[in-house]
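No value in this document is a laboratory result; all are computed from the given coordinates. The structure displayed is predicted, hence computed values, not measured ones. For neighbour counting, all protein chains shown are included, and Cβ atoms are generated from backbone atoms with ideal geometry for every residue, glycine included.
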Amino acid sequence: MSLPADRSQIAFFDVETTVPTRPGQGFAILEFGAILVCPRKLEELHSYSTLVRPADPSLISSISVRCNGITPDAVVSAPSFAEIADTVYDILHGRIWAGHNIVRFDCARIREAFAEVGRAAPEPKGTIDSLALLTQRFGRRAGDMKMATLATYFGLGQQKHRSLDDVRMNLEVLKYCATVLFLESSLPDIFTANSWVSPNATTRSRSNGKPSPAGTSQNLSTPFSRPKFEDAPNLSSPDLGTGEDLPILSLVTHRQGEEFSDSAVAKPERTDSFDMGRLSDQMETESLQPDVSMEEKTELVSPKMDSAASVSEGSSGQDEFIKPDEVSIPNISACFVPLFRGGQIKRIKILHKDVILQLYCARLRVRFGISTKFVDQAGRPRLNFVVDISPNLYEVLDACNNVAHKFAVDSGSSSDWRCVVSTKNGPFNYPTARLHIPTVVSGNVAQYGTEICQKEPSGTVRKLVFEKFDAAELDALFQPGTFVDAFVSLEPYDYQQSAGIRVVAKRLIIHSE
């Protein structure tokens, strides 16, 4: 396509990729789509999309096809990335890049693809990640802030998970969000009184104009980088022009930093730059959260969610773990609880006597050590291991499985349910369960989300400190035959027609005997 010589347009882009199914396997781009948008009118000026034939078609697994519907047959006659590299470079280089979750995903995939064909990657004039931007400015009122959820919130239809459709939907979502924020900024005392705003948002007092103590901002102007375990890379924030260049988008960024006058209708304050640094509080908060897998990020949704029960996590306010033999099977139930305060997306939780059920399981014998079969979107292995379970623990987990499965089906889920316990492991057919060790990312450092301790023969328990994220190091600790005490939570999930319960380890005590 013929592109304008100037680079003032915003390039909204999206890539569809394969899904890694084994450790060390990267992503392969299957589709690239982009639109060039006028920053003054937010109208689409040019568009481009193409399927991409990967170097290794076998990377297109069934999981990949379920994600975006792109089959090996669909790309057999498509150009390779090397053949479209010039066009992609011309679209992106020197322009503002925009998209949903592009900082953590799409930008990295573009750089990897150019590196694979031995070409210098395009560089942006600036980057607008609507996931971080809208999370900070629009708040969690729209649920988990995924594009599909935002589209449903505004009645824009279903996300198709195809590049060109997704970037156009992304632009429409931004317009809707900006409109809502513009109205709220006009009559803040009326509109915002009835809408929920993210507690992480930085607001100003009408009396003195000083930021509220919701958090302090950091400078996120460091260059984009891709360390091995990076999960939330820094945003580059060069000067992107005046507020006149980006009237609506600058409103989205700065709206909650404005000081309102006492007049009934206050005009938004004009800003001199598109200050991405103001997103730092939210990005820092999210980077410290457990790095859950793709399945865990998508919760079961039902039109019956309004009747969600009010549940407690223990009378003391602290996590409460009970032994399996203390569980009354008839008192196990399930309900929806909000994933975010005020949000529409809710998750299934398993209850015992109206309290979220968490278990303390003593002396579980490790059957199979640390598995690194599957990896997450950042390339880290999803760590888990298999343990033998006692008859009473089997009874509890089986009951939880049945209750959660029935609740999911009654709520409208049609996904294939995977039983939380297995009775087909080896010739002895002892029941087993898989314990998951989540990952926590702080800055550029990945750490285990489970507290891991070691119990000496003397009975002394000491916490183990790990200097790096190393699955091999954990594998040496969780050898078959080792006994562990486990403090676990039960986390139902439903993703891409696959559902079940994960047993997530909060604390593990390894016996040294």
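What nm value, rounded to one decimal, do you get for the distance between residue 451 and residue 409 when each label is placed 7 Å out toward the C-beta?
Each label point lies 7 Å from its Cα, and together they span 3.9 nm.
Say each of residue 476 and residue 360 gets a label point 7 Å from the Cα, pointing the same way as Cα to Cβ; how far apart are those two points in nm?
The two pseudo-label positions are separated by 3.1 nm.
Past 23 Å, Cα to Cα: identify those pairs from 160/406; 146/353; 323/455, in the order given.
Cα-Cα > 23 Å for 160/406; 146/353; rest within.
Apply 1/(1 + (r/R0)^6) to the Cβ-Cβ distance of residue 156 and residue 326, taking R0 = 41 Å, and write down the FRET efficiency to the nearest 0.05.
That pair, residue 156 with residue 326, gives E of 0.30.
For the range 468-513, run through the trypsin sites (Lys or Arg not before Pro) and keep only the ones in DSSP coil with at most 10 other Cβ atoms within 10 Å of their Cβ.
Details: sites: 468, 502, 506, 507; in loops: 468.
Listed in order of number, the matching sites are 468.
If you average the C-alpha positions of the range 1-70 and of the range 127-164 separately, how far apart do those two centres end up, in angstrom?
Using only Cα atoms to place each centre, the spacing works out to 18 Å.
For the ranges 93-100, 74-81, what's the packing order if you count other beta-carbon atoms within 10 Å of each residue, average per peptide, and put the highest first?
Sorting 93-100, 74-81 by mean packing, highest first, produces 93-100, 74-81.
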